[in-house]
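The values are calculated or read from the model by the stated rules, or taken from the named source; none is laboratory data. Only a predicted model underlies this, so the values are computations on that prediction, with no experimental measurement involved. Cβ placement follows ideal geometry from the backbone for every residue including glycine, while neighbour counts extend to all protein chains displayed. Side chains included, ligands, DNA and RNA excluded: accessible areas come from the protein's heavy atoms. Shrake-Rupley method; radii C 1.70, N 1.55, O 1.52, S 1.80 Å.
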Amino acid sequence: MDSLLMKTCIPALLLLQFFLFSVFEARNIDPIIPVKAGGGDYTKPEIETNFRGSWVVDNRNVGVGAMQLQLMPNDQVIWFDATTLGPSALKLPAKGNCPINIDVKNQPDCFAHAVAYDWKTRKVKPIVLSGEPWCSSGNLWPNGNMVATGGTFSGVRTIRMLPKDNLNANFIDRKNALADNRWYATNQVLPDGSAIVVGGREAWTIEIVPPSLDFKPKRFDLPFLKQTCTPPKGIYRFIENNLYPFVFLLPDGNVFIFANDRAINLNPLNGQVLKQFPVLPGGSRNYPASGVSALLPLKLSDDNSHPLNVEVAICGGNKPDSFEAVDAKPMEQKNYVPGLKDCHRIHPMNPGANWENEQEMPHPRVMGDLLHLPTGDLIMLNGAKRGTAAWENAIDPNFTPLIYSPFKPMGQRFKEMVPTTIARMYHSSSALLPDTKILVAGSNPHQFYTHNVKFPTELRVEKFSPPYLDPALNKDRPEINIGRTDKVLKYGAMFKVSVTFKNKMQLNLGEAKLTLLYPPFTTHGFSQNQRLIVPPIKGIANNVISALAPSSGKIAPPGYYLLFVNRLGVPGQGIWVHID
């Protein structure tokens, strides 16, 4: 046996699994193979492919930059740009009746600064909004309406809402609704459907915003935000390194907040700091150094009582002084500091939690996006290899997406995909679509819409097909039977999902994995509110999966989720479900 292992280089565990599969399949018994918490979900090997993805241009000129982006449950992808930085490339249809821009000397503004993009038809609809939303934050309400909070100028304390059920609606706003100025803040939805809004430029506070336009602000001081802020070098020479903090709802109802190079656990209901974590060495991770971060998939225990793994990953960013080396300098004096390649992980609910070194990325990345995929892997894309966020502050675009498999053995966790040819740097965004492709839009490294330069304002929209969309895998791809699938899920209750296959195969226990994705609000390299939940499957009969919905809003805040079915690592198209 030893000589066989040496010659074939097959680990003993794989040989054992192969033997068990042969024995149990011959007797029509489902084997039980122990897995690492948060790791594998199947009792058979996942289907493999050598396909490294593909890119297509979905729309050649959408007209408006994607500074902030949100996929809504009506299948519209909403994105918007600043309203005070000159015209976009898309005019509003109402000639002679242009809305007044209160932030530009109350002059009529005939250009669109927000759009609804139908990802199925590629059609673009202009949306009117007011109150400058430049570098705002956002989330979905439990009813599926989109809300954006803050910005600058007249929008710095504004809440603007876009209804889900009216495809012809414009944003409805309420100015001066927030308790503090929120420019470069972060939102995180809480168990009751309200949201905590964290930080912003010179805002050392948090506040709770309910899913309503009519409320009284509730604010708490948070000195941690001032402690993590790199001081300015003079008037209008902000550095910060802690804007757009990484914020995640934990399964105990508290929130994990990471800013600059350190983190805390916080009770969002009273602002009490519950735990402080050691400094993460190596550099700064938030705006403008702009690394990426995600809460890893929450795989629920078999009895549905708790997640088996609660872990945060952080990758990239740049040195603390990297912004000073480029910002507000003549081009010939800019020093574009190489970004960081390192990654780290932490279990924020564990006693004595400390940072653990993760596998390094193949190349540096700042201003990237880190998105969950239906399979439980993540994809890292967009950004640059040198410099920081802000106008004219980065070069060397990172064209190559990475598939990040956090539970594979160390050394096998990053896989390079086919690169794009379009630079996606400052003010670019992306989203996972229900058809499992990745939509990518935006990139404007300049103050105004600028063309005929090396890195122009980017108005093309792309879609990336990850490896699981290899056409050779179509026979293994489950299709959800919408008419026979529960689309309203109640906390802790059983729900059913019916699937079919092109080749009429039968799905067996141990071959399937369900995932529930909360669609994030993505801006400036951070996908706010993003979480992927893996509910326990209790049985499969005649291609109908029985599973348990998450037990409470602490695991899954109320609202709309994308439900996906995977067979041995091959996902089918998702559908919208509602959890409460």
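Of note:
Yes/no per residue for (1) crowded, with 24+ Cβ neighbours inside 10 Å; (2) part of a strand (DSSP E or B); (3) in contact with a Phe, Trp or Tyr (Cβ under 8 Å, 6 or more places away or on another chain):
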| residue | (1), (2), (3) |
| --- | --- |
| Arg219 | no, yes, no |
| Lys233 | no, no, no |
| Arg237 | no, no, no |
| Gly253 | no, no, no |
| Phe258 | yes, yes, yes |
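- Filtered residue count, the range 399-419, keeping only those that are within 20 Å of Val366 (Cβ to Cβ), open to solvent by less than 10 Å² (accessible area, probe 1.4 Å) and in a loop (DSSP other than H, G, I, E, B): 2
- In this entry, Asn241 is excluded by the filter for residues that are in contact with a strand residue (DSSP E or B) (Cβ under 8 Å, 6 or more places away or on another chain) and open to solvent by 10 Å² or more (accessible area, probe 1.4 Å).
- Criterion (more than 26 Å from Glu240 (Cβ to Cβ) and under 21 Å from the mean Cα position of the chain (by Cα)) met by exactly one of His363, His347: His347
- In this entry, Gly317 passes the filter for residues that are surrounded by 16 or more Cβ atoms within 10 Å (Cβ to Cβ), under 17 Å from the mean Cα position of the chain (by Cα) and among the small types (Gly, Ala, Ser).
Yes or no, residue by residue, for (1) part of a loop (DSSP other than H, G, I, E, B); (2) open to solvent by 20 Å² or more (accessible area, probe 1.4 Å); (3) in contact (Cβ under 8 Å) with a residue 40 or more places away in the chain; (4) among the polar types (S, T, N, Q):
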position	(1), (2), (3), (4)
Ala313	no, no, yes, no
Asn335	yes, yes, no, yes
Pro351	yes, yes, no, no
Pro374	yes, no, yes, no
Lys385	no, yes, yes, no
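- Residues that are in a strand (DSSP E or B), touching a Ser or Thr at 6+ places or on another chain (Cβ under 7 Å) and not hydrophobic (A, V, I, L, M, F, W, C), drawn from the range 540-580: Asn566, Pro571
- Looking across the range 470-492, the residues that are surrounded by 14 or more Cβ atoms within 10 Å (Cβ to Cβ) and either on the phi > 0 side of the Ramachandran plot or touching an Asp or Glu at 6+ places or on another chain (Cβ under 9 Å) (or both) come down to Leu489, Tyr491.
- Taking first residues from the range 295-307 that are over 10 Å from Ile555 (Cα atoms) and assigned to a strand (DSSP E or B) and partners that are acidic (Asp, Glu) and modelled with pLDDT of 95 or more, the Cβ contacts under 9 Å between residues at least 6 apart in sequence or on separate chains come to Leu295/Glu311.
- Options Pro191, Pro217; residue that is in contact (Cβ under 8 Å) with a residue 40 or more places away in the chain and within 23 Å of Leu71 (Cβ to Cβ): Pro191
- Residues in the range 315-333 that are in a loop (DSSP other than H, G, I, E, B) and over 25 Å from Asn265 (Cα atoms): Asp321, Ser322, Phe323, Glu324, Ala325, Val326, Asp327, Ala328, Lys329, Pro330.
- Matching residues, the range 207-242, being in contact with a Gly (Cβ under 8 Å, 6 or more places away or on another chain) and more than 18 Å from Thr158 (Cβ to Cβ): Phe220, Asp221, Leu222, Leu225, Asn242
Residue by residue, here is whether (1) more than 21 Å from the chain's Cα centre (by Cα); (2) free of Cβ contacts under 8 Å to residues at least 40 places away in the same chain; (3) farther than 30 Å from Ala556 by Cα holds:
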| site | (1), (2), (3) |
| --- | --- |
| Ser443 | no, no, yes |
| Leu469 | no, no, no |
| Asn474 | yes, yes, yes |
| Gly492 | yes, no, no |
| Glu511 | yes, no, no |
| Thr515 | no, no, no |
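- Residue satisfying all of: in the range 46-66; part of a loop (DSSP other than H, G, I, E, B) and of a type in the set (S, T, N, Q); least open to solvent (accessible area, probe 1.4 Å) among these: Thr49
- Highlighted here are the strands (runs of 3 or more DSSP E) found entirely within the range 112-200 that include at least 1 residues which are surrounded by 24 or more Cβ atoms within 10 Å (Cβ to Cβ) and at pLDDT 95 or above: 114-118, 137-140, 146-149, 159-162, 186-189, 195-198.
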